[in-house]
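A quick write-up on the structure given underneath.
Read-outs throughout are calculated quantities, based only on the coordinates presented, and are distinct from any laboratory measurement. Note that the structure is predicted; figures quoted are calculated from it, not measured. Every residue, glycine among them, receives a Cβ derived from its backbone with ideal geometry; neighbour counts consider all protein chains shown.
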Amino acid sequence: MKLSIDEQIEKMRERMSGSAAEKGRVHPDTVRLSRQLDELLNLYSPGNEGRHERNLSGKTKKPFFDV
């Protein structure tokens with residue numbers, strides 16, 4: 001079952017918060033999760049919902065991680 005963008009964001013936020021509590025806010029795992037959350041939030045931002053960003057070559061840019 002595919003998660004909605006809202007569900008993906010919430011799940012990633014929970015993972016990042018857990019990592020920060022367990023390992024610290026500057027741990028590489030926490031920073032990686034934070035960046036992934038940022039990408040999801042960028043996809044969700046007004047005007048981008050339901051679409052993927054395009055890179056300079058015009059190819060669709062999808063998140064490179066699994067929530």
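Laid out as a table, the results:
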quantity: Theoretical gain in end-to-end length, Asp29 to Tyr44 [0.36 nm per residue, Cα-Cα removed]; calculated: 3.1 nm
quantity: For the range 25-35, 3J(HN,Hα) per residue [Karplus equation, 6.51 cos²θ - 1.76 cosθ + 1.60, θ = phi - 60°, Hz, x = Gly/Pro]; calculated: 6, 9, 5, x, 5, 5, 5, 4, 5, 4, 5
quantity: Distance between modelled label sites at Arg15 and Met1, nm, 7 Å Cα→Cβ extension; calculated: 1.8
